[in-house]
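Have a look at the structure below, then the notes.
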Protein chains: 2
Amino acid sequence: MKPRTRRYHRTRQAILDAATEIIHEEGPDALSMRELADRIDYSAAGLYEYFGSKEEIILAVCQEGHQRLAAYMLEVDREVPANDYLYGIGKAYVRFALENPDHFLLMFSYPEAAGAPENDEMHQENDSSYNILLQGIGRGISEGVFPERPGFGLDELGYAAWTMVHGIAMLRVTALREYPLDLDAVDDQVIHNFLRGLMTA
Amino acid sequence: MKPRTRRYHRTRQAILDAATEIIHEEGPDALSMRELADRIDYSAAGLYEYFGSKEEIILAVCQEGHQRLAAYMLEVDREVPANDYLYGIGKAYVRFALENPDHFLLMFSYPEAAGAPENDEMHQENDSSYNILLQGIGRGISEGVFPERPGFGLDELGYAAWTMVHGIAMLRVTALREYPLDLDAVDDQVIHNFLRGLMTA
DNA sequence: TAGTAAACCTAACACTGTTCGGAATTATAA
DNA sequence: TTATAATTCCGAACAGTGTTAGGTTTACTA
């Protein structure tokens, strides 16, 4: 790769990093092209050499967020029973949301950013967060931990699990953002209750 | 009530209706003070006689949304077994989100709008959507349909039910907004599966 | 009918994302 | 090394935003 394109990619990444930083520090509304440019010693107009619009920058930030979310889930220890592993997956999903609330909200405000860069089909790449979840459930099925019911196969089980952890994560970063009591313990029970439902046919 | 204050309230409501209309037709980003004023034959500055800021208008729209959501849930037939009633509650929650996606998303982007106008404690008024859900679960408990487990009482059951329906609703208006297949049937199974989990101790 | 308060608008301010034209920098070719 | 070309970058401007100050019109009251 030529020095030119390498420098180009480095600047692109600097823009994305600064944007992520602003979103983390001051929220998504505070992200303006001029402040973003200031942080990396550019002018606002200069950014348009690297991104076509502000929306493109936000979209790229969202895509990075989805990768980071997947990274959270890949860190989970797999050397445990399938149901315990799935519990870890769910907790990782929620933990990412709690540790990056604005980023998490942004990711799901731009649905078109959910997939891979050059792929309009949803979650088709292998290491998407949804695919990791799906593989965990598939493992539980093949190990006989989760019995498949008629009309409630892998896809339906995956959908059910996703809605549950996503509901927890979403509520906790929006409506329950300031909730004073400890919800982690309740989350545990909710997830375990769900998994128990899957395990008993 | 004097004609003056009556006219004042009518204008206030006209502003909120127009704002809701714009959000429904063109999305929340298209809501500008000038277009909003144009729709009801005012100038942008004139609106500030009725609301302190654009955010106040959005907040009021969100509060109306929460009331409408509660109305959806109050329409559900109560003359059925407790578990069937809760199923109806859940479906009503999701149906509101699907029929008012932008409004629904906005409501949960402004967490401070979740409660009553003069009440910073969450969901304290009786006919909030969450309270309706909670009462449905309470009925199931008192009728012996849902057994209370240790450390998993009414509040925890309510939280669990809320996260589930909210997860379904949220995913379907964001990440799965354009999903081609029919998810209503899957939602049925997911909700029923959840309720079955509650019914079996 | 005179005086007062409410309602409303015009004009402006500071900000936003974006574009245009040219200037500075860097790479390529002679 | 020098001339040419391409890339990179910026200042200035444009149309739009929410908001405010000041003044004018309207409506109510005494």
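Can you classify segment B:1-72 as rounded, prolate or oblate using the Cα gyration tensor, where a ≥ b ≥ c are the square roots of its eigenvalues, rounded means a/c under 1.5, and otherwise it's prolate if a/b beats b/c and oblate if not?
Oblate, since a/c reaches 1.5 and b/c is not below a/b.
Which trypsin sites (Lys or Arg not before Pro) does segment A:1-91 hold that lie in a coil by DSSP with at most 14 other beta carbons within 10 Å?
Values: sites: A:Arg4, A:Arg6, A:Arg7, A:Arg10, A:Arg12, A:Arg34, A:Arg39, A:Lys54, A:Arg68, A:Arg78, A:Lys91; in loops: A:Arg78.
Filter output for segment A:1-91: A:Arg78.
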### Query
Quick one: how many Å² of A:Ser32 are accessible to a 1.4 Å probe, rounded to 10?
50
### Summary
Applying the gyration tensor rule to the Cα atoms of segment B:155-201 (axes a ≥ b ≥ c; rounded if a/c under 1.5, else prolate if a/b exceeds b/c, else oblate), the class is oblate
### Task
First check a/c for the protein assembly as shown, with a ≥ b ≥ c the square roots of the eigenvalues of its C-alpha gyration tensor; if it is under 1.5, answer rounded, and if not, answer prolate when a/b is larger than b/c or oblate otherwise.
oblate
### Task
Per residue of segment B:54-65, in order, report the coupling 6.51 cos²θ - 1.76 cosθ + 1.60 (Karplus, θ = phi - 60°) as ³J(HN,Hα) in whole Hz, putting x for Gly and Pro.
4, 4, 4, 5, 4, 4, 5, 4, 5, 4, 4, x
### Task
Report, in degrees rounded to the nearest 10, the 0 to 90 angle that the Cα long axis of helix B:154-173 makes with the longest principal axis of chain B.
60
#### Entry: Cα-based helix-to-principal-axis angle, B:129-142 vs chain B, degrees rounded to 10
20
### Query
How much accessible surface does B:Asp182 have with a 1.4 Å probe, in Å² rounded to 10?
100
### Message
If the reach is capped at under 19 angstrom between alpha carbons, list the aspartates and glutamates near B:Lys91, excluding any in the same chain fewer than eight residues apart.
### Response
A:Glu156, B:Glu75, B:Asp77, B:Glu79, B:Glu99, B:Asp102, B:Asp127, B:Asp182, B:Asp184, B:Asp187, B:Asp188
#### Entry: Stokes-Einstein D in µm²/s, Kirkwood radius over Cα pairs - segment A:58-201 at 37 °C with 0.692 mPa s viscosity
209
### segment A:20-110 pair-distance distribution - Cα-Cα, 10 Å bins, rounded %
16, 39, 25, 14, 6, 1
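Please give me, ordered by residue number, the GluC sites (Glu not before Pro) of segment A:29-101 that lie in loop per DSSP and have at most 10 other Cβ atoms within 10 Å. All intermediate terms of the calculation are to be shown ahead of the outcome.
Working: sites: A:Glu35, A:Glu49, A:Glu55, A:Glu56, A:Glu64, A:Glu75, A:Glu79, A:Glu99; in loops: A:Glu75, A:Glu79.
Of the GluC sites (Glu not before Pro), the ones in loops of segment A:29-101 whose Cβ has at most 10 other Cβ atoms within 10 Å are A:Glu75, A:Glu79.
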### Task
Point me to the residue of chain B whose C-beta lies closest to the B-onto-A rotation axis, rounding the distance to whole angstrom.
B:Gly167, 1
## Note on the structure
Between chains A and B, the summed loss of accessible surface on complex formation, probed at 1.4 Å and reported to the nearest 100 square angstrom, is 2700
### Task
Convert each backbone phi in segment A:194-200 into a coupling constant with the Karplus relation 6.51 cos²θ - 1.76 cosθ + 1.60 (shift: θ = phi - 60°), then list the ³J(HN,Hα) values in order as whole Hz, x for Gly and Pro.
5, 4, 4, x, 5, 7, 9
#### Entry: Residue-normalised accessible area of chain A, expressed per residue, 1.4 Å probe, Å²
49
#### Entry: Reachable lysines, given that their alpha-carbon falls under 25 Å from the alpha-carbon of B:Lys54 and they are not under 8 places away in the same chain
A:Lys54
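The values are calculated or read from the model by the stated rules, or taken from the named source; none is laboratory data. All values reported here derive from a predicted model rather than from experimental measurement. FYI the Cβ positions are ideal-geometry reconstructions off the backbone, even for glycines, and counts take in every protein chain you see. Side chains are part of the model used for accessible areas, which takes the heavy atoms of the whole protein and leaves out ligands, DNA and RNA. Shrake-Rupley method; radii C 1.70, N 1.55, O 1.52, S 1.80 Å.
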